[in-house]
Amino acid sequence: MLILCDNTHNYPPGASSYVKSMNKMEGMRLYLMREGYVGMGSMMLRAGDVVIMLIGASVSSAIRPLARAGRVSQFTLLGDVYCNGIMDGELIRGGILFEIINLV
């Protein structure tokens, strides 16, 4: 049986937390990285943006490259994104290299 999801329905046990989680995704877009990771982020994301994990952060972030000056890259911080498969330390265990960047 289909249960329509609206704010006036009494949901079965456990369903209301799912609906709340889905409502948090309003205004978000699904993305796929070249490396095969899938996530959700802001509608402002576009091809060429980069998903990173900042040291000490609990969520991943998206940045947009601006320029390349010598060995230090400059980026604009776009905000937090969800990325399945990298947010629980998998990047470090996978031997990902660290890079110093400038956020402007």
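We did not get these values from a lab; they are worked out from the coordinates using the rules stated. Being a predicted model, the structure only gives us computed values, none of them experimental. Positions of Cβ are generated from backbone atoms using ideal geometry, with glycine treated the same way; all protein chains shown enter the neighbour counts.
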Tally, over segment 43-56, of residues that are under 14 Å from Phe98 (Cα atoms), surrounded by fewer than 14 Cβ atoms within 10 Å (Cβ to Cβ) and among the aliphatic types (A, V, I, L, M)
2
Considering each residue of segment 16-41, count those that are closer than 14 Å to Gly79 by Cα and either among the hydrophobic types (A, V, I, L, M, F, W, C) or in a strand (DSSP E or B) (or both), and give that number.
5
